[in-house]
Amino acid sequence: VYVFQDIDECEFSKEDLSDMVYRKLLCMYNSSLGKYVGFDELGIRNAERFNNQSWKMKERKEQVETV
């Protein structure tokens, strides 16, 4: 099974949208692969950095096993 997910989010509280904040998912932890994967140039760089942080990878693995 393949899943593609694009997560975008806009937050605002003013009617004229002058305080709007736009967010887009750049990378995520893929528990099937056991590593972070990036979705664009910045996300790929972040994923590589996260995957090289042993403490972060250990933490994610423990979270997957707990949930």
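The values are calculated or read from the model by the stated rules, or taken from the named source; none is laboratory data. Every value quoted in this text rests on a predicted model; they were computed, and no experiment measured them. We place every Cβ from the backbone using ideal geometry, glycine too, and count neighbours over all the protein chains shown. When the accessible area is computed, the model is the full protein with side chains, heavy atoms only, and any ligands, DNA or RNA have been set aside. Shrake-Rupley method; radii C 1.70, N 1.55, O 1.52, S 1.80 Å.
What the table below lists for this structure:
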quantity	calculated
Pair list, Cβ under 7 Å, 6 or more apart: the range 12-26 residue closer than 29 Å to GLY38 by Cα and touching a residue at least 60 places away in the same chain (Cβ under 8 Å), other residue among the charged types (D, E, K, R) and open to solvent by 100 Å² or more (accessible area, probe 1.4 Å)	none
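Residue-wise test of (1) outside any helix (DSSP H, G or I); (2) open to solvent by less than 70 Å² (accessible area, probe 1.4 Å).
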| position | (1), (2) |
| --- | --- |
| LYS14 | yes, no |
| ARG23 | yes, no |
| VAL37 | yes, yes |
| GLY43 | no, yes |
| ASN46 | no, yes |
| LYS56 | no, yes |
| ARG60 | no, yes |
| GLU65 | no, no |
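Residue-wise test of (1) within 11 Å of the chain's Cα centre (by Cα); (2) among the acidic types (Asp, Glu); (3) on the phi > 0 side of the Ramachandran plot.
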| site | (1), (2), (3) |
| --- | --- |
| CYS10 | no, no, no |
| ASP16 | no, yes, no |
| LEU33 | no, no, no |
| GLU41 | no, yes, no |
| ARG45 | no, no, no |
| PHE50 | yes, no, no |
| TRP55 | no, no, no |
| LYS58 | no, no, no |
| LYS61 | no, no, no |
